[in-house]
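Everything on this sheet refers to the single structure shown next.
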């Protein structure tokens with residue numbers, strides 16, 4: 001059997017294992033044997049996780065269609081994650097950017113919540129049979145300790161912007177997260193939301209986070225507490241970093 005035929009006929013994880021363990025030194029001939037008559041058992045899918053930067057594409061025509069197709073193709077629940085679920089903006093979404101406008105403050109500094117766009121994102125996921133991996137970030141403009149410039153300049157510059165800074169008020173941040181989780185539980189049911197995963201921020205070891213490590217630890221504590229108070233039994237993890245080499 002040729003290598004190309006093997007790759008077409010054998011599941012990818014099996015191929016990767018075989019190649020990793022059987023590749024010869026340069027210049028030597030390789031022999032790969034496949035015992036097609038031997039059954040080892042079902043292959044457990046490990047690939048049903050997808051993510052993207054632009055949350056507003058979720059409910060657009062091609063976005064919602066692609067997400068539904070991914071869900072239909074998988075024998076196990078598909079988990080999905082998007083960045084920029086708490087940021088502000090207007091106009092058409094652009095690469096590596098998005099917004100939901102969930103948080104603003106009135107002239108007296110009181111929080112005002114608007115779940116309209118957030119609901120469109122999560123409604124699309126739930127209707128497609130997807131399971132959210134909810135990324136709790138980035139920072140709303142009215143809460144950012146350094147809000148300007150608010151929108152990043154990528155790809156001409158860094159993704160760091162006013163969305164990347166710690167909150168100016170950790171209490172208001174925690175209340176936003178609490179209200180978000182309660183809203184989700186009320187809209188989709190507590191049992192459903194308990195089946196999701198929650199991630200405080202994303203990759204705080206790079207430009208996504210412009211605070212100190214100590215400020216991130218504080219953000220994590222306030223965030224995790226808010227999620228658990230809003231929905232005991234909610235599953236929260238993280239931080240999701242770019243790799244183990246970061247300090």
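The values are calculated or read from the model by the stated rules, or taken from the named source; none is laboratory data. Please read these numbers as outputs of a predicted model, since none were measured by experiment. No Cβ is skipped: glycine too gets one built from the backbone with ideal geometry, and neighbour counts run over all protein chains shown.
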Between a residue in segment 134-158 that is on the phi > 0 side of the Ramachandran plot and not assigned by TED's automatic domain parsing to the domain that holds residue 226 and any residue that is surrounded by 23 or more Cβ atoms within 10 Å (Cβ to Cβ) and at pLDDT below 95, which pairs come within a Cβ distance under 6 Å, given they are 6 or more apart or on different chains? none
Could you list, in sequence order, the residues of segment 119-134 that are under 16 Å from residue 182 (Cα atoms) and either modelled with pLDDT under 95 or crowded, with 21+ Cβ neighbours inside 10 Å (or both)? 122, 132, 134
Answer yes if at least one residue in segment 109-118 is more than 22 Å from residue 166 (Cβ to Cβ), in the same structural domain as residue 167 (by TED's automatic domain parsing), without any contact (Cβ under 8 Å) to a residue 40 or more places away in the chain and part of a helix (DSSP H, G or I), and no otherwise. yes
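Every residue, every condition in (1) closer than 24 Å to residue 239 by Cα; (2) touching a strand residue (DSSP E or B) at 6+ places or on another chain (Cβ under 6 Å); (3) outside any loop (DSSP other than H, G, I, E, B), yes or no:
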position: 32; (1), (2), (3): no, no, no
position: 69; (1), (2), (3): no, no, yes
position: 90; (1), (2), (3): no, no, no
position: 93; (1), (2), (3): no, no, no
position: 96; (1), (2), (3): yes, no, no
position: 126; (1), (2), (3): no, no, yes
position: 138; (1), (2), (3): yes, no, no
Considering only segment 214-242, state which residues are loosely packed, with under 12 Cβ neighbours inside 10 Å and over 21 Å from residue 84 (Cα atoms). 214, 232, 233
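Specify which of the listed residues (99, 84) is modelled with pLDDT of 95 or more, assigned by TED's automatic domain parsing to the domain that holds residue 155 and in contact with a helix residue (DSSP H, G or I) (Cβ under 6 Å, 6 or more places away or on another chain).
The unique qualifying residue is 84.
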Residue 13 out of contact with any strand residue (DSSP E or B) (no Cβ under 7 Å at 6 or more places or on another chain) and modelled with pLDDT of 80 or more: no
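Would you confirm, using the coordinates I've provided, whether residue 103 is touching a residue at least 60 places away in the same chain (Cβ under 8 Å), in contact with a strand residue (DSSP E or B) (Cβ under 7 Å, 6 or more places away or on another chain), within 20 Å of residue 173 (Cα to Cα) and surrounded by 14 or more Cβ atoms within 10 Å (Cβ to Cβ)?
On the way: touching a residue at least 60 places away in the same chain (Cβ under 8 Å): yes; in contact with a strand residue (DSSP E or B) (Cβ under 7 Å, 6 or more places away or on another chain): yes; within 20 Å of residue 173 (Cα to Cα): yes; surrounded by 14 or more Cβ atoms within 10 Å (Cβ to Cβ): yes.
Yes, satisfied.
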Selection count where residues are crowded, with 17+ Cβ neighbours inside 10 Å, part of a helix (DSSP H, G or I) and within 18 Å of the chain's Cα centre (by Cα), scope segment 146-199: 7
